[in-house]
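Some notes on the structure that comes next.
Where a number appears in this text, it was derived from the coordinates with a stated rule and is not lab data. Here the structure is a predicted model, which is why all the values come from computation and not from measurement. In this analysis, Cβ positions are derived from the backbone assuming ideal geometry, glycine residues included, and neighbour counts consider all displayed protein chains.
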Amino acid sequence: MKVAFFAETADGKITRGAWELLAWSRTLAAPEKTAAVIVTPSIEEAQLQKLVSSGARHVFLCESPALDRADIPACAAILQSFCETYRPDVLLGAASVFGRALFPYAAMRMKTGLTADCTGLETDRQTGLLLQTRPAIGGNVMAVIKTPSHKPQMATVRPRSAPELPPYGGEPGSITRFPAPDSQSLPGAPRVTASIRLTHGEEIADARRIVAVGKGIKREGNIDLARRLASRLGAALGATREVVDRGWLPYSAQIGLSGKTVVPELYIALGISGAVQHLAGMRTARKIVAVNTDPDAPIFQVADLGIVGDLFEVVPRLIDEFSPKTK
Amino acid sequence: MNIAVLLKQVPDSQSVRLDPDTGTLIRDPADAVTNPLDLCALGAAVRLAESFPETDITAVSMGPAGAEQTLRHAMALGAARGILVCDRACAGSDTYVTAIVLAAALEKFGPFDLILTGLRASDGETGQVGPEIAARLGLSVVTGAEALRRLDSGEFEIDRVTETETETIRFSLPAVVCVAKGIGPAPLPTLTRKSWARREPVAAVTAADLGLRPDEVGLKASPTRVVKILHPRLARGGERISLTEPNALDRAAARLRALVEEGGPS
C-alpha cells in the first residue's frame, strides 16, 4: 500500500500536524512506500532534509512563490496532478483549517471518498483497505469507515492523535520537485491580503497542565478564581463551549469537538458537567480531576479524582495548597 | 445578487442521547433544529440583502420531509423561497454524494453568485460538503468566515482565524463561503414574515428532477462506508471525594498535589 501525506507548511516550516502524518504513514506502510507531498510558496532546505531523514522516502515538492494558501482550487489541482503521477493508495492530510478545505475540494475533483477528522488509522488485514476511525455523535461513539473501491482513500486526521514518530535509521529519502500545472487559478481567486499572528493560540494545545471552566463558574468575574489556580499550577486556562459562547473566554480557549483537542498530563475540570462534545476534546488527558456539585455529572465517569462539592469552596483551598509559601 | 444558503436540519445537540442498551442514537423529531452555523450563513445573506436591495436569497436543504421546517424557518428569517431535495433514494448519502445532489440543485435553480453555508453541521461535524460543492461546480471556496464584507470594488472579503493567525482573504464572486459563528445569526423574524413563511409552498424536488440517476445517489453511490460502530468505555473508575465527608478539602488538596507531582514539572 502506497501512503502519501500532505505536509502543510507555515512560514517555510513543516507544521506539527505534518510530522504527525509522517508518524501515521510509517505505522501504515513500509518506508519505501511512504511519500510526502508539499505544495508551498516556500520551504526551508533544512526542513526538507529533516523530513527525508525521518522516514519520508519520497518527497514531492511543488514550490512556487505565487501560490496562495487561500486559493484552494489551485492547491487542489496541484495535489491532483501529484496523485495522477504517483498514484497513492492512501492520501492523508491534517484536519487543519487549510486541510479541511483542501481535502474535500481535492476529493471531489478526484471523485473519491474522504473521512473527516480521524483519530485512528489502520490497515484491514483481509482487504488491505485503510480503516479510518473517527468520533461520531459528539464523540459518543467511534465510527470505523472505509473507502472500498475508490482511490486514493482519503482522510483528514485530527491533531494530536498520532503515535510517536519512531526513530528512523534507514536510507534518506529523495526530493523530487514538480511544477504547478499551468494557470489553475480562477479569475478573482481568493488570496490572503492580511494576517496577524495569534499570540496565544497554541498555548492550550501544548500545555502539560490545564485548568478548564464550565457553566458552573456562573459569572465572568469568577473566571479569575480559576485563573489563579491555573497560575499557581503553571497551567493553561481552558473552557467549554458554553463559557466561550458567553464571551467569558476567547475561542482559542475552547476545548471539545468544536474547539481544541488537548492531551495534557493533568486536566482539572471546574464546574464542567461533561457533555459528550467536551469529553471528545479532553478525555485522553493522562489524569483528570473534576470538581462538580452534581454527583451524577458525566465528567465524573472520566475522572481519576472526582471532588463532589461546590467549586467555590474547593478551589480556594487548592489555590492555598499550591501557594508559594507552602511549597 | 443571487444568494443560495444551504441549511441542514440536525438533532438538537443538547438532547443527543444514546440508547444505553443498543448504543444507537435516539432521534426525536421534536428535537430537530436548524444547524446553528447554517443560521449564521443565512444571517450573512440577510445582512448583505439589507445593504444591497437587489439581493435575492434562496434557501436549499436536503433531508426528510420534516426538513421543510428548516426551510420555512429560513424563509421567515429572510429567504424568498425554499427548495427541499427530498428523496428516499438519497438516504445514506455520504458527503461526496450529498455535495453532488446539492450542486445539481444549485445548478437547476441558479445560477447563484454567492453560495453560503455553515462551516460544519453539528451532527456530522465533517465540514466537507461546502468545499465539495465548490469543487463540483468549479467555484472558489473560502472557509471559516467570521466576518464577510463587500468592498466598493465589488470584491468580497472575509476574516477568519487559523491555527496560528487571524487573516483576511479577498476574492471575487461566484464563490462558496462557509461561515463560522462570528458572523452571527439572522435577526428574529417579524410576525408578518413568519405567517407568510408558514403558508408559502416549499418546492420539493427528487434526485430524478435534478437529472441524477438512482445509482448516482444514496448509500450505494457513496465512496465511503461505515464498517462498524465502536463504543469506547468512558469510565476510569476514579476515586471520589465528597465535601460532605470529614476532612474532604484537605484530602482533595493532598490527592491533587500527588497527581501534580506524578505528572512532572509544568
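The table below lists the values:
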| read-out | value |
| --- | --- |
| DSSP-defined antiparallel bridges as percent of all bridges, chain A, nearest 5 | 20 percent |
| Between the range A:118-194 and the range A:43-100, the Cα center-to-center distance that results, in Å | 11 Å |
| Percent of Cα pairs exceeding the 41 Å cut-off, where the set is the protein assembly as shown | 26 percent |
| Among beta bridges that DSSP assigns inside the protein assembly as shown, antiparallel share in %, nearest 5 | 35 percent |
| Alpha-carbon Debye profile of the range B:2-221, log10 I(q)/I(0) at 0.11, 0.15 Å⁻¹ | -0.52, -0.97 |
| Cut-off under 5 Å, modelled amide H: who pairs with A:Gly55 long-range | A:Gly173 |
| Under 12 Å from A:Lys13, Cα to Cα: aspartates and glutamates that are on another chain or at least 8 residues apart | A:Glu44, A:Glu45 |
| Furthest towards positive pole of dipole, B:Val46, A:Ala235, A:Ala143, structure part the protein assembly as shown, Cβ charges | A:Ala143 |
| Listed residue pairs exceeding 23 Å between alpha carbons, taken from A:Lys215/B:Lys8; A:Lys2/A:Lys111; A:Lys146/B:Lys181; A:Lys260/B:Lys220; B:Lys8/B:Lys181; A:Lys33/A:Lys151 | A:Lys215/B:Lys8; A:Lys146/B:Lys181; A:Lys260/B:Lys220 |
| Cα-centred dipole magnitude for the range A:203-321, charges only on beta-carbon of K, R (+1) and D, E (-1), debye, nearest 20 | 240 debye |
| Centroid-to-centroid separation of the range A:262-327 and the range A:202-233 [C-alpha atoms, Å] | 11 Å |
| The range A:3-177: antiparallel DSSP beta bridges as a percent of all, rounded to 5 | 30 percent |
| FRET efficiency estimate (nearest 0.05) - Cβ-Cβ, A:Asp294 to B:Ala254, R0 22 angstrom | 0.40 |
| Unit charges on C-beta of K, R, D, E only; dipole of the range B:185-266, Debye | 300 debye |
| Total charge dipole magnitude, the range A:59-190, about the Cα centre, Cβ charges on Lys, Arg, Asp, Glu only, Debye to nearest 20 | 360 debye |
| Under-5 Å amide H pairs with A:Thr193, H placed in peptide plane, nonlocal only | B:Thr168, B:Ile169, B:Arg170 |
| Dimensions (Å) - the range A:212-327, Cα atoms, principal axes, largest first | 39, 28, 25 |
| Length added when fully stretched, A:Gln126-A:Arg160, from 0.36 nm per residue minus Cα-Cα | 9.4 nm |
| Distance between the range A:2-38 and the range B:217-266 - C-alpha centres, whole angstrom | 30 Å |
| Sorted by Cβ neighbour density within 10 Å, fewest at the top, the residues B:Lys228, A:Lys13 | B:Lys228, A:Lys13 |
